[in-house]
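Q: After the structure tokens below, expect a handful of questions from me.
The values are calculated or read from the model by the stated rules, or taken from the named source; none is laboratory data. What you see is a predicted model; the values in this text were computed from it and never measured. Here the Cβ is made from the backbone with ideal geometry for all residues, glycine too, and neighbour counts use every protein chain on show. Side chains included, ligands, DNA and RNA excluded: accessible areas come from the protein's heavy atoms. Shrake-Rupley method; radii C 1.70, N 1.55, O 1.52, S 1.80 Å.
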Amino acid sequence: MRIERARQATGRSHDDPLVVAALTAGERAWAAMDANGDGVMTYEEYAAWVDADKFDNVCRYALGALFDLADADQDGALDRSQFTALRQALGNRAGNADAAFDALDGDDDGRVGRVEYLASIRAFVTGDGSPMGEALY
């Protein structure tokens, strides 16, 4: 499970409030996407379900909770190592995660903010083009 991998990558305990929040948001998103309730989400189920409204009202919370797990100092931004650790926990190669960080760090301050991170994922899933999505995939 992605949340468990992110929890392990960030060194948080199972009862950490951010882990609990991520699990709750993740379960809500999964239940919404798994159309037939069989516990397995196919690409077809996901593709039929996802759109901008669903991202804004369901996925954004689940993905934001994962971001929060990686944000060690809870300042609303990830440095390169936090970002790479999160993206690797979510199944991306380190090189791709590094390129995605560069694509999102437009002001070259060495940090990627929560808002820009979620906006880039939203753009990717809604087909609006995302520099992070292009780097990761």
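Q: Looking at segment 88-97 only, could you name the residues that are at pLDDT 90 or above and open to solvent by 40 Å² or more (accessible area, probe 1.4 Å)?
A: The one that is at pLDDT 90 or above and open to solvent by 40 Å² or more (accessible area, probe 1.4 Å): Gln88.
Q: Looking only at segment 72-121, count every residue that is farther than 18 Å from Ala22 by Cβ and basic (Lys, Arg) and tell me the total.
A: Number of matching residues: 3.
Q: Then there is this: Restricting the search to segment 104-118, which residues are assigned to a helix (DSSP H, G or I), open to solvent by less than 70 Å² (accessible area, probe 1.4 Å) and either of a type outside the set (A, V, I, L, M) or more than 22 Å from Ala72 (Cβ to Cβ) (or both)?
A: Correct list: Tyr117 only.
Q: Let me ask another. Going by the conditions given, is Gly37 open to solvent by 40 Å² or more (accessible area, probe 1.4 Å), free of Cβ contacts under 8 Å to residues at least 24 places away in the same chain and either at positive phi or not in a helix (DSSP H, G or I) (or both)?
A: So Gly37 fits the description; yes.
Q: Return the residue satisfying two criteria in turn: it lies in segment 1-34 and is open to solvent by 60 Å² or more (accessible area, probe 1.4 Å) and of a type in the set (Val, Ile, Thr), and of such residues it is farthest from Ala72 (Cα to Cα).
A: Within segment 1-34, the match that is farthest from Ala72 (Cα to Cα) is Thr24.
Q: Next up: I'm told Ala135 meets every condition in (1) touching a strand residue (DSSP E or B) at 6+ places or on another chain (Cβ under 9 Å); (2) not in a strand (DSSP E or B) except one. Can you identify the failing condition by its number?
A: (1)
Q: Turning to a different aspect of this structure: Only one residue in Ala29, Ala85, Ala62, Ala72 is at pLDDT 90 or above, over 21 Å from Ala135 (Cα atoms) and outside any loop (DSSP other than H, G, I, E, B). Which one?
A: Ala62
Q: Here's something else I'd like to know. Of all residues in segment 51-75, which are over 16 Å from Arg7 (Cα atoms) and open to solvent by less than 30 Å² (accessible area, probe 1.4 Å)?
A: Phe55, Val58, Cys59, listed by residue number.
Q: Given the condition more than 16 Å from the chain's Cα centre (by Cα) and either more than 20 Å from Val112 (Cα to Cα) or not basic (Lys, Arg) (or both), answer yes or no: does some residue in segment 54-64 qualify?
A: For segment 54-64, residues more than 16 Å from the chain's Cα centre (by Cα) and either more than 20 Å from Val112 (Cα to Cα) or not basic (Lys, Arg) (or both): absent.
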